[in-house]
Amino acid sequence: MKPEVVSVGQLGDLSGFDEIIDVRSPAEFAEDHIPGSTNCPVLDDRQRAEVGTLYKQVSPFAARKLGAAYVSANIAGHLLERFQSRPKDWQPLVVCWRGGQRSAALTYVLRRIGWEAQQLDGGYRTYRRLVVEELDRLPRALRFRVVCGATGSGKSRTLQAIGGLGEQILDLEELACHKGSVLGVLPDCPQPSQKMFESRLLVQLGALDPARPVYVEAESRKVGILHLPGSLIERMRAGECVHIEASFAARVDFLLRDYDYFTASPEWLDQRLQTLRRLQSSETIARWREQVRDGRWRELVGELLDRHYDPLYSRSQSHNYAGFEDPVRFATDDLTPAGIDRLARRICGR
């Protein structure tokens, strides 16, 4: 039989198991987990908090007694509800926070039954260390073509259309559930935790072919509240820039379509505009809020571009992206879906 505790030196080693079972609580699992793993908590969120409080306020012995009762009951439940159909040669990897008692308990029971279960040495913390190492290494082998353009130029939609043509893309805003700007929050789509974002990003990076260019949208160091890895932003900023030069009218039309959820919820937009107070005068914010109340959407979008987004874009891109000084330029006055498809084909040379 294989050893009870296994060490892994690279993420690829995790693929050698039939299943990865994460025994941490649902809240821990929701924050981040090994992609493809299954959550079978041996302590749920309430039980984990209760045992932890008992440990601090009464004694470790009292906490272990209660914890053992909960763990035993939960393992029994998983055996009845989840594992009965597993074959005799099933070989799972069991993971907890740091390879401690929670994963050891389930591993012990599974091995006594006859399955070659193994416990991950160092637990989830081992996985996180490998993620950080890979996020530093993988981007350095990639060659990026960076899609630039002022706000409202349809960069994200163009990037997706480029992907639809079979080119490699890295859609950071999709992974981050955010459009990247102050008003980039998405309805009913909260951003993932930083750790979960990095796990998702690693999966995407690992699937890219270093021999082919990767199209990516120009971003700052943060997408919403999430930080991009240093080596990734470094490689992006050294990449070749592809600049979309869309007419002002086309950009306004595009934003009115792409951000239609704001026009459907003026109160939410009004709240978001107030986050610009440190960047715009009180008079300007008051005028924009009045435009929201009156439904003067085209006027509002035009002023937001002219007074806020365009000056900010000009300063940030010219300062951060080396290829911005001499990009390959693509002019357009059509950012409808059909126009974006044609633009993507031009960029790809189709």
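The values are calculated or read from the model by the stated rules, or taken from the named source; none is laboratory data. Since the structure is predicted, the reported quantities are computational estimates derived from the model, not experimental observations. When we count neighbours, we look across all protein chains shown, and the Cβ atoms used for this are built from the backbone with ideal geometry, even at glycine. Ligands, DNA and RNA are excluded from the accessible area calculation, which covers all protein heavy atoms including side chains. Shrake-Rupley method; radii C 1.70, N 1.55, O 1.52, S 1.80 Å.
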Relative contact order computed over the chain (Cα-Cα under 8 Å; 6+ residues apart), in percent: 17
Within the stretch 33-122, trypsin sites (Lys or Arg not before Pro) in DSSP loop having at most 15 other beta-carbon neighbours inside 10 Å: 82, 88, 98
Rg in Å to one decimal, and Dmax rounded to a whole Å, for the chain via C-alpha atoms: 25.2, 74
Segment residue 44-residue 346, extension gain: residue separation times 0.36 nm, minus the distance between their alpha carbons: 103.4 nm
Surface accessible to a 1.4 Å probe, residue 259 within the full protein complex, Å²: 40
For the stretch 15-58 versus the stretch 228-251, the gap between their alpha-carbon centres in whole angstrom: 39
Partners for residue 222 among lysines (Cα-Cα distance below 30 Å; same-chain residues under 8 apart left out): 155, 179, 195
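Can you divide the C-alpha Rg of the stretch 35-193 by 2.2 N^0.38 Å and report the result to two decimal places? Walk me through the numbers before you get to the answer.
Details: Rg = 22.4 Å, N = 159, 2.2 N^0.38 = 15.1 Å.
With N residues counted in the stretch 35-193, Rg over 2.2 N^0.38 Å equals 1.49.
Work through the residues other than residue 339 whose Cβ is under 14 Å from its Cβ and net out their charges, Lys, Arg +1 and Asp, Glu -1.
On the way: positive: 155, 157, 251, 257, 342, 345, 346; negative: 245, 253, 258, 333, 334, 341.
Combined, the nearby Lys, Arg, Asp and Glu give +1.
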Potential lengthening between residue 212 and residue 234 on full extension [0.36 nm per residue; Cα-Cα distance subtracted]: 6.1 nm
Degrees separating the helix 123-137 axis from the principal Cα axis of the chain, which is the longest one: 30
Backbone N within the stretch 164-203 under 14 Å of label point (7 Å from residue 141 Cα along the Cβ vector): 203
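Let's test the formula: R0 of 22 Å, r as the Cβ-Cβ distance of residue 101 and residue 2. What FRET efficiency results, to the nearest 0.05? Before the final figure, lay out each step's value.
Values: r = 21 Å, r/R0 = 0.94.
Efficiency, from the Cβ-Cβ distance: 0.60.
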Partners for residue 65 among aspartates and glutamates (Cα-Cα distance below 17 Å; same-chain residues under 8 apart left out): 44, 50
Helix-derived mean residue ellipticity, 222 nm - over the chain, DSSP H n ≥ 4, -39500 (n - 2.57), to 500: -15000 deg cm²/dmol
Amide hydrogen neighbours beyond the local backbone of residue 145, cut-off 5 Å, H modeled: 214, 215, 216
Lysines whose Cα lies under 28 Å from that of residue 88, excluding same-chain neighbours fewer than 8 positions away: 2
Per residue accessible area of the stretch 227-350, 1.4 Å probe, in Å²: 52
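Over the stretch 83-184, average the accessible area per residue using a 1.4 Å probe and give it in Å², no decimals. Could the numbers behind the result be given before it?
Working: 4010 Å² over 102 residues.
For the stretch 83-184, the solvent-accessible area averages 39 Å² per residue.
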Cα centroid of the stretch 277-295 to Cα centroid of the stretch 101-160, whole Å: 42
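In whole percent, how big is the carbon plus sulfur part of the accessible area of the chain, probe 1.4 Å, protein atoms only? Provide the component values of the computation, followed by the final result.
Values: 8660 of 16990 Å².
Here carbon and sulfur together make up 51 percent of the probe-accessible area.
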